[in-house]
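This report refers to the structure that appears directly beneath it.
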Amino acid sequence: MTAAAWLALVASGAGAVTAPVVIPAAPLAPSGFTGAPQASPPRIGTAGEILSGFSLSTSLTGTYDSNVTQSPGGSVAPIEDDFILRFGGSVSYLSKSTDWTYGGTYRAGYNEYFTQTDFSGLDQGGSLVANYQGGRLSASLTTGVDFDRGGNRYYSSAFVEQTSFRTALTARYKLSAKTSLQGNIGQAYTTSSGNFADTTSYDAGISALWRYSPLTEFGPGLRYTYQAGGGSNARTSVGPNLNLNYKLSTKIALNSRVGMDFTKYESGGSSDPSLSASIGLNYQASRLWSASLTFYRDSQADPSVPGAFTQITSIRAGYQRKIRRVSWNLGLGYESAANQSGGSSTASRPDRNFVTFDTSLSLLTFANTTTASVFLRYSDQTGGTGDSYQDTQVGVSLSRSF
């Protein structure tokens with residue numbers, strides 16, 4: 001799956017600001033995995049420290065899934081429920097803070113399906129990171145590989161085993177106290193089990209940023225993308241964009257990129273200019289509650305229809321409330337996946353709409369090293385025949401940092 005993550009690097013302080021203005025990462029492309037409890041590795045260094053720079057965490061999760069195969073129902077594809085037991089963990093390392101920092105993380109988890117035993121198996125992934133910040137230049141290089149399995153709605157809700165490789169380089173050079181140049185280049189490659197197409201994407205961009213105030217910077221940029229699926233009818237786009245970053249102390253943070261894509265296809269087709277965007281807004285009202293809003297719009301190669309492309313539009317709102325050792329999380333999301341004209345002249349999937357609701361209640365216990373949680377997730381997808389389904393997941397989780 002393609003991931004257009006427009007990471008804004010640390011902007012050095014100026015004027016009244018005594019600490020660097022840290023711009024948060026923009027949202028990633030939405031993940032299509034919804035049929036199994038997927039593990040997201042913690043950020044490097046966030047778990048409990050066991051040695052200098054090292055951290056380790058483990059988790060045990062039990063989930064009841066009302067529609068494990070994401071089936072629309074009926075005699076041909078009846079709805080089947082299941083109970084899933086997952087044991088997972090991660091280990092991370094990050095070097096001490098200097099001009100150069102480097103590290104890595106590895107995560108793994110085994111999912112045991114009680115009824116659909118063929119779905120049982122291991123998912124795992126690892127990544128490496130190297131950062132440099134000195135003088136006028138700051139840069140970050142990340143690379144990683146992930147092996148995941150589960151029901152994936154981007155693959156016509158089929159249960160797939162997916163391997164993803166990704167590499168990204170971002171850099172910023174400070175020309176003066178007010179101006180900076182920022183660039184990024186990234187590559188992603190995904191292959192899956194079954195009769196699905198491999199997908200490849202390249203993403204590159206450059207921006208000129210002007211520091212309007214100690215809190216705000218903005219400027220124009222240029223973006224290039226290349227996407228292909230199934231080895232046919234590659235999509236190439238280039239277009240201008242506008243970047244705006246804002247940081248107010250620890251309360252409000254905005255990272256945004258909005259642009260136009262002018263597209264050509266290997267088959268000779270073309271399409272009207274399309275909007276692409278990646279926006280992340282965070283509001284930390286106090287240490288007791290916070291809210292977030294993310295918006296993402298971009299295209300990706302359709303792995304279930306070789307040569308076809310899909311326009312993804314996703315928006316998500318989140319809320320978190322803390323009361324002593326209890327934390328309540330609430331999320332609501334909407335995603336539209338529309339066939340992009342010009343992509344495939346022979347076949348395409350129908351447009352789809354996907355709605356999600358999730359909530360969890362967590363308690364920090366055992367000297368703040370263990371988190372016990374209960375959660376509820378609901379998803380509803382509407383589309384063409386075979387693409388519509390409803391699914392509810394409810395479960396409990398226990399995680400511990402060492």
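The values are calculated or read from the model by the stated rules, or taken from the named source; none is laboratory data. Predicted, not measured: the structure shown is a model, and the values here were computed from it. All Cβ positions, even for glycine, are placed from backbone atoms using ideal geometry, and neighbour counts span all protein chains on display. The area values use the complete protein model at the heavy-atom level, side chains included, leaving out ligands, DNA and RNA. Shrake-Rupley method; radii C 1.70, N 1.55, O 1.52, S 1.80 Å.
Numbers for the structure displayed
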{"quantity": "Largest to smallest accessible area among Y246, Y212 [probe 1.4 Å]", "calculated": "Y212, Y246"}
{"quantity": "K174 accessible area, 1.4 Å probe, all protein chains in place, Å² to nearest 10", "calculated": "50"}
{"quantity": "Amide H within-cut-off set for A308, under 5 Å, with H built and near neighbours excluded", "calculated": "D302"}
{"quantity": "Accessible area (Å², 1.4 Å probe, nearest 10) - S249", "calculated": "80"}
{"quantity": "Average accessible area per residue (Å²) across the range 216-318 - probe 1.4 Å, nucleic acids and ligands excluded", "calculated": "43"}
{"quantity": "Accessible area of V374 in the full protein assembly, 1.4 Å probe (Å², nearest 10)", "calculated": "70"}
{"quantity": "Partner lysines for K247 [C-alpha distance under 25 Å; skip if fewer than 8 residues away on the same chain]", "calculated": "K174, K178, K322"}
{"quantity": "The chain - percent of accessible surface contributed by carbon and sulfur, probe 1.4 Å", "calculated": "63"}
{"quantity": "Candidates A308, A337, A285, ranked by Gaussian network fluctuation over the chain, Cα under 10 Å, top entry", "calculated": "A285"}
{"quantity": "Residue of A188, A158, A367 that the Gaussian network model of the chain assigns the largest fluctuation, springs spanning Cα pairs under 10 Å", "calculated": "A367"}
{"quantity": "J(HN,Hα) series, the range 121-131, from Karplus relation 6.51 cos²θ - 1.76 cosθ + 1.60, nearest Hz, glycine and proline x", "calculated": "x, 9, 10, 7, x, x, 8, 10, 9, 9, 10"}
{"quantity": "Which of D302, D380 is most accessible, then next, and so on - probe 1.4 Å", "calculated": "D380, D302"}
{"quantity": "Semi-axis lengths, Å, the range 79-236, gyration tensor of Cα atoms, sqrt of 5 times eigenvalues", "calculated": "38, 22, 13"}
{"quantity": "The range 80-193, accessible area per residue, ligands and nucleic acids excluded (1.4 Å, Å²)", "calculated": "47"}
{"quantity": "Local net charge near T170, Cβ-Cβ under 15 Å (Lys/Arg +1, Asp/Glu -1)", "calculated": "+4"}
